[in-house]
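Working notes, beginning with the structure itself.
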Amino acid sequence: MDFWNKEIPGYMHERANLTRLVVFTAIFALVFINIYKPFDSGANKWYEVSDLMFFLFSSLIILTGLGVVIISRVLLYFRARRRAVTVGQYAAWIAAEIFFMALFYTLYTLLVNDGERDAWHTFKGLVTNTALVLLLPYTILHLYFSRVDKARRLRRIEEEKEETTGGPRGFSFRDEKGDTRLSVSRSGLLYIESSDNYVMIWYLNKDKATRFLLRNTLKALEEQLAGSDVLRCHRSYMVNFEHVKVIRRGKDGVYIELGIDKVPDIPVSKTYSERVVRWFTRYPDPS
């Protein structure tokens with residue numbers, strides 16, 4: 001019972017995946033009906049036409065019937081945005097798609113044959129064929145979507161691990177939407193500076209200090225980089241200690257010197273000064 005009450009994965013009602021499902025189902029249905037000839041649709045049963053004309057007629061009919069799927073998936077998209085859709089509800093949703101598509105094809109078959117066929121017998125046969133037309137592509141795509149989603153989540157975990165530890169090669173920086181905007185090697189990152197709702201990431205590019213503006217907060221990056229060599233030293237700055245050469249205490253406060261041309265000294269606030277000095281004295285010589 002718990003299985004049927006379980007929420008379906010988010011990738012099953014993503015807009016892009018719903019579009020792929022409709023398109024793939026339409027293509028599958030066209031191929032299926034022209035090879036297998038279901039729905040009592042042989043040329044001699046619907047129309048006395050050539051194979052080419054039958055393909056054109058069947059394409060129009062199938063695409064019209066798939067309007068049920070299009071409407072259904074649009075409704076599913078908006079339904080899933082408001083509240084969770086369970087496995088049981090999704091199964092009932094698909095059953096309803098099969099029912100209404102089979103009903104559409106039944107009415108069409110009876111219309112073509114001037115009502116000479118038994119409606120109930122025709123409907124039962126069309127339910128089976130409609131289930132094949134929908135369930136086969138649905139199964140294929142859901143397995144594909146699941147595989148892609150697992151690969152995407154694994155890649156995301158690996159990226160987040162690199163973000164929080166620095167990774168073997170460097171740091172990846174994401175914006176507030178979670179999209180990766182910049183990747184910098186461990187030795188390339190200099191410091192990060194807060195700028196309202198943005199941060200400026202300073203890094204070495206061809207031995208010159210270069211900045212990249214990223215829409216995110218310093219606090220969010222501090223959480224991402226926890227456990228790495230990039231430390232908060234001021235409410236507006238984080239510094240990569242691989243480049244710290246000198247910590248200088250003057251009359252106007254404490255400053256960090258990176259020893260890189262045209263890179264200004266970075267202030268250290270009282271809140272972070274003790275932590276910064278302690279870390280620097282224990283940090284290996286970057287040279």
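A few notes on this one:
- Within the stretch 180-200, tally of residues that are outside any loop (DSSP other than H, G, I, E, B) and free of Cβ contacts under 8 Å to residues at least 60 places away in the same chain: 14
- Contacts under 7 angstrom Cβ, first residue in the stretch 119-145 being among the small types (Gly, Ala, Ser), partner surrounded by 19 or more Cβ atoms within 10 Å (Cβ to Cβ) and part of a helix (DSSP H, G or I), 6 or more apart: Ala119/Thr106; Ala131/Ile98
- 1 or more residues at pLDDT 90 or above and buried (at least 16 other Cβ atoms within 10 Å of the Cβ): qualifying helices (runs of 4 or more DSSP H) within the stretch 39-157: 67-82, 87-112
- Taking the listed residues Gly253, Gly227, the one that is assigned by TED's automatic domain parsing to the domain that holds Ser183, out of contact with any strand residue (DSSP E or B) (no Cβ under 7 Å at 6 or more places or on another chain), at positive phi and not basic (Lys, Arg) is Gly227, with no other qualifying.
- Restricting Val184, Val246 to those that are of a type in the set (A, V, I, L, M, F, W, C) and over 24 Å from Arg155 (Cβ atoms) reduces the list to Val246.
- Met200 touching a helix residue (DSSP H, G or I) at 6+ places or on another chain (Cβ under 8 Å) and at pLDDT 85 or above: no
- For the stretch 266-286, filtering for residues that are under 27 Å from Asn205 (Cβ atoms) and part of a loop (DSSP other than H, G, I, E, B) leaves 4.
- Per-region count, the stretch 101-156, residues under 24 Å from the mean Cα position of the chain (by Cα) and among the polar types (S, T, N, Q): 2
- Filter result (assigned to a strand (DSSP E or B), hydroxyl-bearing (Ser, Thr, Tyr) and buried (at least 18 other Cβ atoms within 10 Å of the Cβ)) within the stretch 213-265: Tyr237
- Scanning the stretch 264-273 for residues that are in contact with a strand residue (DSSP E or B) (Cβ under 7 Å, 6 or more places away or on another chain) and either outside the structural domain of Ala209 (by TED's automatic domain parsing) or at pLDDT 90 or above (or both) yields Asp265, Ile266, Pro267, Val268, Ser269.
The values are calculated or read from the model by the stated rules, or taken from the named source; none is laboratory data. Predicted, not measured: the structure shown is a model, and the values here were computed from it. When we count neighbours, we look across all protein chains shown, and the Cβ atoms used for this are built from the backbone with ideal geometry, even at glycine.
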